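The values are calculated or read from the model by the stated rules, or taken from the named source; none is laboratory data. Please read these numbers as outputs of a predicted model, since none were measured by experiment. Note: ideal-geometry Cβ built from the backbone for every residue, glycine included; neighbour counts use all protein chains shown. What goes into the accessible areas is simple: the full protein's heavy atoms, side chains included, and nothing from ligands, DNA or RNA. Shrake-Rupley method; radii C 1.70, N 1.55, O 1.52, S 1.80 Å.
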Amino acid sequence: MRSIDLCFRFNGVPAEERLTWRSFLVKLGAENLKGVKNEELLVACHKSVYIVYTMLGDVSIFLVGKDEYDELALAEAIFIITGAVKDICGKPPTERVFLDKYGRICLCLDEIVWNGLLENTDKDRIKRLIRLKPPSEF
């Protein structure tokens, strides 16, 4: 079974390093996510950067942070993100369901994380903000 990687691109990462980080995360996931229970959190540290990651259905979710975004802050954020994806998909998503709901998932993630910073954590506020978006943005 293939999995979809959901990965945030963080501000401040030079273009030449993005591919290196992407490769690192793919390798990290391939080595550690096989057989992991749904939503079981895994934590890694690489070059003073924290990585919290998990599987949600067929989707691999990686959050990367440093300084105030340590493993505890990232664990809180990943909990909010997995909850939002489950709410949108109705359950832990299969690849097909995730792709069918991709636009709405992106809108939700945009309200949770803005410019690499955790912006909103309240589920009801996130839902209200998404409803305020014009239909053309879906």
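Distant-in-sequence amide contacts of G57, defined by a placed amide H-H separation under 5 Å and a gap of 5 or more residues or a different chain, comprise E39.
Working note: Karplus 6.51/-1.76/1.60 with θ = phi - 60° gives the stretch 114-130 the couplings 10, 6, x, 10, 5, 9, 10, 10, 7, 4, 5, 5, 4, 4, 4, 5, 5 Hz, where Gly and Pro are set to x. Helix 71-89 and the longest principal axis of the C-alpha atoms of the chain enclose an angle of approximately 40°. Ignoring ligands, DNA and RNA, please state the percent of accessible area on the chain from carbon and sulfur, probe 1.4 Å. Ligands and nucleic acids excluded, carbon and sulfur reach 53 percent. Pairs from the table (K101/K123; K27/K123; K34/K123; K91/K123) lying more than 21 angstrom apart at Cα are K27/K123; K34/K123. Report, in debye and to the nearest 20, how large the dipole of the chain comes out about its Cα centre when Lys and Arg carry +1 and Asp and Glu carry -1 on their Cβ. Charge dipole, the chain, about its Cα centre: 480 debye, nearest 20.
Candidates A73, T121, Y53 compared by Cα position along the dipole of the stretch 51-138: farthest toward the positive end lies T121, with charges placed on Cβ. Once both labels are positioned 7 Å from their Cα atoms along Cα-to-Cβ, the gap between K101 and C45 label points is 3.5 nm. 3J(HN,Hα) along the stretch 33-40, derived from phi through the Karplus expression 6.51 cos²θ - 1.76 cosθ + 1.60 where θ = phi - 60°, amounts to 8, 5, x, 6, 5, 3, 6, 5 Hz, with x in place of Gly and Pro. The residues of the chain expose, per residue, 61 Å² of accessible area to a 1.4 Å probe. Against the main long axis of the alpha-carbon atoms of the chain, helix 15-32 sits at an angle near 90°. Helical content alone sets the calculated 222 nm signal of the chain at -14500 deg cm²/dmol, taking -39,500 (n - 2.57) per DSSP H segment of four or more residues and averaging over every residue.
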